[in-house]
Ligand code: ATP
């Protein structure tokens, strides 16, 4: 296992635009990271630079402090899991899992012990003698994953959208198994996905990417609570954060003419210029009867079972709120409230408080 350092790395595929803007990133030994972003933002480019499938136009790749920029993939001691399972169809599950260890000259009892441990972690113990050919796509992907995990000497385990081929209803279980296996093996893992649920449940730290840049890195909680800009606020959360222009009062910020934030945080923001309020749909509530609230009207209600997503209009602004099933749904005109510590302030589209 090793730290990974992308030292001033950048990459262009020969066009003027950089698929990966010049960046300096460090991944700590034994932690799990997700590269999260929409299609084309540069996730696979970054992963391929780490694995050695791609030589970067700029900068150096260091694994455990050693410069491997020009070292071939096979010599980097990295395990990879791709979108589609890579298994030896003619071999059994045991032989598939044992293969990387045979290649490293492990003796048979040691291989049997290690394969047994990994099979147990992934729930494959009862399948060890079966031919890989007869397995389902998700079982095959578990084997690909097992082959990555079985070696405890790899510098890193890289996964590129490994759940793409998996049935939606099996993804949850597979994600749980991957996480469990990882918690025990403590490889340095970099996991590429465009699915925020996968990133949120899986990673210690998420790197949110957009147009070839890492726009924010942080724990799932940090990204949810303090998105650095409007892009991250929109991208993280379902639905994303509400952003609405604040009205400036004498000593407060208002929404729909009603004070929503006062005190020190208001004094600290620039005196002039637009201020945008960021409020998560989870943090908007209906005001209690008799309590002053932001005047709003309900536009539509989507029933999601345990939750409702309510679309409300505040003047010409539209906001969404998540309302629990246990909350009585008012109709027509309503008042809204949000706790001050849940409101984020953005100036020029960037988080200031
Ligand atoms: P996806 O989720 O669709 O795989 P991604 O975030 O992994 O997307 P990359 O595959 O890294 O993004 O692509 C980043 C940019 O580089 C895109 O604009 C893509 O079109 C471009 N690109 C990727 N591979 C090549 C290539 N071999 N030659 C030219 N351009 C490429």
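In the stretch 340-352, the residue that is farthest from residue 273 (Cα to Cα) out of those that are modelled with pLDDT of 95 or more and touching a helix residue (DSSP H, G or I) at 6+ places or on another chain (Cβ under 7 Å) is 342. Could you go through the stretch 83-95 and let me know if any residue there is closer than 16 Å to residue 177 by Cα and either in contact with a strand residue (DSSP E or B) (Cβ under 9 Å, 6 or more places away or on another chain) or part of a helix (DSSP H, G or I) (or both). Checking the stretch 83-95: not a single residue is closer than 16 Å to residue 177 by Cα and either in contact with a strand residue (DSSP E or B) (Cβ under 9 Å, 6 or more places away or on another chain) or part of a helix (DSSP H, G or I) (or both).
Residues in the stretch 14-36 that are more than 15 Å from the ligand (Cβ to nearest atom), part of a loop (DSSP other than H, G, I, E, B) and at pLDDT below 95: 29, 30, 31. Residues that are away from the ligand (no atom under 14 Å from the Cβ) and touching a helix residue (DSSP H, G or I) at 6+ places or on another chain (Cβ under 6 Å) occur at least once in the stretch 37-59. Of the residues making up the stretch 283-290, at least one is touching a strand residue (DSSP E or B) at 6+ places or on another chain (Cβ under 6 Å) and not in a loop (DSSP other than H, G, I, E, B).
Return a yes/no flag: does the stretch 101-114 have any residue that is more than 16 Å from the ligand (Cβ to nearest atom), more than 27 Å from residue 134 (Cα to Cα), surrounded by 14 or more Cβ atoms within 10 Å (Cβ to Cβ) and more than 23 Å from the chain's Cα centre (by Cα). So far as the stretch 101-114 goes, yes, one or more of its residues are more than 16 Å from the ligand (Cβ to nearest atom), more than 27 Å from residue 134 (Cα to Cα), surrounded by 14 or more Cβ atoms within 10 Å (Cβ to Cβ) and more than 23 Å from the chain's Cα centre (by Cα).
Residue 141 meets each of the listed conditions (1) crowded, with 23+ Cβ neighbours inside 10 Å; (2) in contact with a strand residue (DSSP E or B) (Cβ under 7 Å, 6 or more places away or on another chain) apart from (2). Scanning the stretch 177-192 for residues that are out of contact with any strand residue (DSSP E or B) (no Cβ under 6 Å at 6 or more places or on another chain) and under 18 Å from residue 38 (Cα atoms) returns no hits.
The values are calculated or read from the model by the stated rules, or taken from the named source; none is laboratory data. Predicted model only: the values in this text are computed from it and were never measured. All Cβ positions, glycine included, derive from the backbone under ideal geometry; neighbour counts span all protein chains shown.
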